[in-house]
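The values are calculated or read from the model by the stated rules, or taken from the named source; none is laboratory data. Please read these numbers as outputs of a predicted model, since none were measured by experiment. Note that each Cβ is placed from the backbone with ideal geometry, even for glycine, and that neighbours are counted across all protein chains shown.
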Amino acid sequence: MQRREFLVLASLLIAGCATKPSAPPEVAGMRFSDAERKKIVDFYASAGGRARTGPVPAQRAKAGDLLVSGQRPNKLPVDLAKLLPDLPEPYTRLVLGADVVLVNRDSHAILDVIPQIAY
């Protein structure tokens with residue numbers, strides 16, 4: 001292989017490695033069902049939810065985003081988790097700020113968001 005061919009091949013390989021990763025493919029798939037949304041909204045609107053005091057945190061999560069290492073999501077309250085059907089692995093529901101999010105634990109991809117409900 002001549003030097004010019006080698007340099008062209010090496011530059012193509014390097015350029016291919018430097019491309020931005022695409023969004024996780026599962027973003028279009030898993031979502032909160034209408035029944036799950038209703039149960040979550042009803043839970044936080046009723047006496048079973050936490051008291052709504054102080055300012056409401058801004059929406060921090062959007063479908064298609066990834067959980068950042070500094071973010072500290074919480075599990076859903078046990079009483080609410082009991083009302084919802086189990087999810088297949090590796091999916092889970094979490095509370096991030098005032099948002100309830102559906103997350104793939106393996107890729108940390110946020111698949112769906114119910115904004116500004118958990119405060």
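Quick one: how many residues across the range 95-114 are of a type outside the set (S, T, N, Q) and closer than 16 Å to Arg31 by Cβ? Spell out how you get there, then give the answer.
First pass over the range 95-114, keeping only residues of a type outside the set (S, T, N, Q): 95-103, 105-106, 108-114.
Those left that are additionally closer than 16 Å to Arg31 by Cβ: 99-103, 109-114.
The number of residues fulfilling the criteria is 11.
Would you please list the contacts, defined by Cβ atoms under 8 Å and residues six or more apart or on different chains, that run from a residue in the range 35-51 that is loosely packed, with under 13 Cβ neighbours inside 10 Å and basic (Lys, Arg) to a residue that is in a helix (DSSP H, G or I) and at pLDDT 90 or above?
Arg50/Tyr44
Suppose we filter the range 68-119 for residues that are modelled with pLDDT of 90 or more and assigned to a loop (DSSP other than H, G, I, E, B); how many remain? Before you say what the answer is, go through the steps one by one.
Step one: of the range 68-119, the residues modelled with pLDDT of 90 or more are 73-96, 99-115.
Retained after the next criterion (residues that are assigned to a loop (DSSP other than H, G, I, E, B)): 73, 76-77, 84-90, 105-108, 115.
Looking only at that region, the number is 15.
Just the residues that are within 11 Å of Asp65 (Cα to Cα) and crowded, with 18+ Cβ neighbours inside 10 Å, please, taken from the range 105-119.
We begin by selecting, within the range 105-119, every residue within 11 Å of Asp65 (Cα to Cα); these are 107-113.
Once the filter is applied, which keeps residues that are within 11 Å of Asp65 (Cα to Cα) and crowded, with 18+ Cβ neighbours inside 10 Å, the range 105-119 yields Ala109, Ile110, Leu111, Asp112, Val113.
Does the range 44-59 include one or more residues that are touching a strand residue (DSSP E or B) at 6+ places or on another chain (Cβ under 7 Å) and modelled with pLDDT of 55 or more? Full working, then the answer.
The first filter runs over the range 44-59 and keeps only residues touching a strand residue (DSSP E or B) at 6+ places or on another chain (Cβ under 7 Å), leaving 59.
With the extra rule that they be modelled with pLDDT of 55 or more, the set shrinks to 59.
Yes, the range 44-59 has at least one match.
Would you check which residues across the range 95-112 are over 19 Å from Asp42 (Cβ atoms) and not β-branched (Val, Ile, Thr) and list them? Break it down stepwise before answering.
Applying the first criterion (over 19 Å from Asp42 (Cβ atoms)) to the range 95-112 yields 96-97, 103-111.
Within the range 95-112, Leu96, Gly97, Asn104, Arg105, Asp106, Ser107, His108, Ala109, Leu111 meet the criteria.
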